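Asks: Questions regarding the structure given below will be posed in turn.
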Amino acid sequence: MGRFDGRVAVITGAARGIGFGTAKRFSEEGAAIAIIDLDEAAASEAAGKLDTKAIGIGCDVSNAESVDAAIARVVEELGGIHILVNNAGITRDNLLFKMTEDDWDLVMNVHLKGAFLMTRAAQKHFVEQKYGKILNLSSVSALGNRGQANYSAAKMGVQGFTRTLGIELGPYGINANAIAPGFIATEMTDATAARLKMGVEEFRKLNADANPVRRVGYPEDIAAAAAFLCSDEASYITGQTLYVDGGSKLG
Ligand code: NAP
């Protein structure tokens, strides 16, 4: 028996990286999965790698029509929705004086508006059935990070959003929590290495050496914490942000 038998989980930005790692873990624990990503072909290919029933849906989480259509498809094709993981994300790093309005708007739209639209669409079903789990991806960058004024503001915004969801939705059997990952080896951090003109392995080693547990994180590290927070074992935990970062911000 898996912790997610009979559950349907929707995970955004899950064609790769942390989202895919989480989809894989939830599938291993019994959930049917909807992989949402910008590119439907990539989402479907990722869904095809899972062992339980899984579908891929092309959707831009920052577009209300696209989000509402995606949630309607999940309910029609998978029979309901019980878990939502707002994971889709992008970076547009630059020092403040070089940051464009587009860099700001894009990051806000994907992380904050995206989480809002997806949650608004899913909560109708959660409230009706008096059951739901929401997990939002924040970041250690919420605490401040040079070159990431947009991303850092969005990721701290995600924490405030999560706390408010906890207050508003708690009475309806819905838990909302956030995970703030530290350095996780994915295409997102590989792209940062390229921007800094460093090799991927060199960049990972630099981050591993600076971390109290002397390694970088992997999507599986986030997936394990996500599985706990979205399970019924965590039903007395809501509105919280769990830092999964090897202690990188301890001092
Ligand atoms: P990733 O490998 O870049 O994957 C992100 C996925 O989100 C991509 O498949 C991307 O699709 C998709 N996406 C982007 N914009 C979208 C939109 N508007 N609608 C739907 N999907 C969209 O990133 P990751 O490293 O796995 O990160 C996942 C989450 O964790 C993000 O929220 C990120 O901010 C957060 N996080 C990551 C780290 C880290 O070290 N990796 C640390 C802290 C927090 P395309 O490829 O088509 O753009």
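The values are calculated or read from the model by the stated rules, or taken from the named source; none is laboratory data. On a predicted model such as this, the values are computed, not experimentally measured, just so you know. Heads up, the Cβs are rebuilt from the backbone with ideal geometry, glycines too, and the neighbour counts pull from every protein chain shown.
Asks: In the list THR91, THR100, which residue meets the criterion of being over 16 Å from ALA43 (Cα atoms) and within 9 Å of the ligand (Cβ to nearest atom)?
Replies: THR91
Asks: Being within 16 Å of the ligand (Cβ to nearest atom) and either assigned to a helix (DSSP H, G or I) or in contact with a Pro (Cβ under 9 Å, 6 or more places away or on another chain) (or both) is the filter here, so list the residues in the stretch 161-179 that pass it.
Replies: PHE161, THR162
Asks: Tell me which residues, restricted to the stretch 180-213, are hydrophobic (A, V, I, L, M, F, W, C), surrounded by fewer than 15 Cβ atoms within 10 Å (Cβ to Cβ) and within 12 Å of the ligand (Cβ to nearest atom).
Replies: ALA191
Asks: Hey, another quick one. Please name all residue pairs, on different chains or six or more residues apart, with Cβ atoms under 9 Å, provided the first residue is in the stretch 4-17 and is farther than 13 Å from VAL74 by Cβ and modelled with pLDDT of 95 or more and the second residue is charged (D, E, K, R) and within 16 Å of the ligand (Cβ to nearest atom).
Replies: Going by the 9 Å Cβ cut-off, the qualifying pairs are GLY13/ASP37; ALA15/ASP37; ALA15/ASP39; ALA15/GLU45; ARG16/ASP37; ARG16/GLU187; GLY17/GLU187.
Asks: Still on this structure, I have one more. GLY30 is checked against (1) surrounded by 17 or more Cβ atoms within 10 Å (Cβ to Cβ); (2) in contact with a Gly (Cβ under 7 Å, 6 or more places away or on another chain) and fails just one. What number does that condition carry?
Replies: Going through the list (1) surrounded by 17 or more Cβ atoms within 10 Å (Cβ to Cβ); (2) in contact with a Gly (Cβ under 7 Å, 6 or more places away or on another chain), GLY30 breaks only (1).
Asks: Could you please give the count of residues in the stretch 50-67 that are surrounded by fewer than 16 Cβ atoms within 10 Å (Cβ to Cβ) and away from the ligand (no atom under 14 Å from the Cβ)? So that I can check it myself, show each step before the final result.
Replies: Restricting attention to the stretch 50-67, the residues satisfying the condition of being surrounded by fewer than 16 Cβ atoms within 10 Å (Cβ to Cβ) are 51, 53, 63-65.
Subset that is away from the ligand (no atom under 14 Å from the Cβ): 51, 53.
The qualifying residues number 2.
Asks: Can you report the number of residues in the stretch 214-229 which are within 15 Å of the ligand (Cβ to nearest atom) and part of a loop (DSSP other than H, G, I, E, B)?
Replies: 3
Asks: Among the numbered criteria (1) farther than 17 Å from MET99 by Cβ; (2) within 12 Å of the ligand (Cβ to nearest atom); (3) hydrophobic (A, V, I, L, M, F, W, C), which one does ALA154 miss?
Replies: Result: ALA154 fails condition (1) only.
Asks: Using the structure shown, decide if LYS124 is more than 14 Å from the ligand (Cβ to nearest atom), of a type in the set (Lys, Arg) and on the phi < 0 side of the Ramachandran plot. Walk me through how you get there before you give the answer.
Replies: Numbers: more than 14 Å from the ligand (Cβ to nearest atom): yes; of a type in the set (Lys, Arg): yes; on the phi < 0 side of the Ramachandran plot: yes.
Considered against the rule, which asks whether it is more than 14 Å from the ligand (Cβ to nearest atom), of a type in the set (Lys, Arg) and on the phi < 0 side of the Ramachandran plot, LYS124 comes out as yes.
Asks: Going by the structure shown, is THR189 modelled with pLDDT of 95 or more and out of contact with any helix residue (DSSP H, G or I) (no Cβ under 9 Å at 6 or more places or on another chain)?
Replies: Answer is no for this residue.
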